[in-house]
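A short reminder: the numbers here are calculations on the coordinates, not readings from a lab. Quick caveat, the model's predicted, so the values are computed rather than measured. When we count neighbours, we look across all protein chains shown, and the Cβ atoms used for this are built from the backbone with ideal geometry, even at glycine.
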Amino acid sequence: MVCFAYLHSVIEYGIIFWGKSTNVCHVCTLQQRIIRIMSGVRDENSCRNVFKELGILHVQDQYILSLMFVMDNQKNFQTKLSVYRLDTRNKNHLYLLIANLLCFQRGVSYPAMNMFNSPPHNIKNHWNDVVQFKFVLRECLIFHSFYSLTEFVERLRNTI
């Protein structure tokens, strides 16, 4: 409880803005070190199962969950249906602007739209219910314990 109160609240604060920075690896290492101390796991062993057992989200998982602010603000984003006016299977996906500037790609809204468009089908089925969508996504993140955004996209597309 102490770890959750101190560490989790500090990590969670503003993660949507700093979650994609290059220094996030230092926070990941610190979080893993604290989890190892709490659970008595040696440095040679992976922390993935410990995150699952304790029900704690890894830093990258917290970042993915924070990007789902899109669910609460869907009216501020355009869907592919509203832009192209074609009834396709991806009509509910958010329309991604062509982003040539790296600062836009590393911002908040572009990765959020990518994450919103990429969850697996069993999570996408809950788009209409925001609370259920976030709950199912959180459970999926705890179960898989992803260490990077690319791992989230690739593993879930291949396995689920």
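Points worth noting:
- Cross-link reach is defined here as a Cα-Cα straight distance under 28 Å, omitting same-chain residues fewer than 8 places apart; for Lys75 the lysines meeting it are Lys20, Lys91, Lys124, Lys134.
- Between the helical axis of 130-144 and the longest alpha-carbon principal axis of the chain there is an angle of about 50 degrees.
- Crossing angle, helix 149-159 versus the chain [Cα axis fit, 0-90 degrees, rounded to tens]: 80 degrees
- For the range 27-121, the mean projected area of the C-alpha convex hull, equal to one quarter of the hull surface, is 8.5 nm².
- Residue-count net charge about Lys91 - beta-carbon cut-off 15 Å; Lys, Arg +1, Asp, Glu -1: +3
- Note, ³J(HN,Hα) from phi for the range 95-106, Karplus 6.51, -1.76, 1.60, rounded to Hz, x at Gly and Pro: 6, 9, 5, 6, 10, 8, 7, 5, 5, 6, 5, 8
- Normalised by 2.2 N^0.38 Å, where N counts its residues, the alpha-carbon radius of gyration of the chain equals 1.11.
- The sum of -39500 (n - 2.57) across all DSSP H runs of n ≥ 4, divided by the residue count of the chain, sets its helix-only mean residue ellipticity at 222 nm to -15000 deg cm²/dmol.
- Projected area averaged over orientations for the range 95-135, convex hull of C-alpha atoms, nm²: 3.4 nm²
- For the options Leu67, Leu94, Leu81, a Gaussian network treatment of the chain with springs between C-alpha atoms closer than 10 Å singles out Leu81 as fluctuating the most.
- Most mobile of Gln74, Gln31, Gln60 in a GNM of the chain (Cα contacts under 10 Å): Gln74
- Comparing mean-square fluctuations of Val131, Val83, Val27 from a GNM of the chain with C-alpha springs under 10 Å, the top value falls on Val83.
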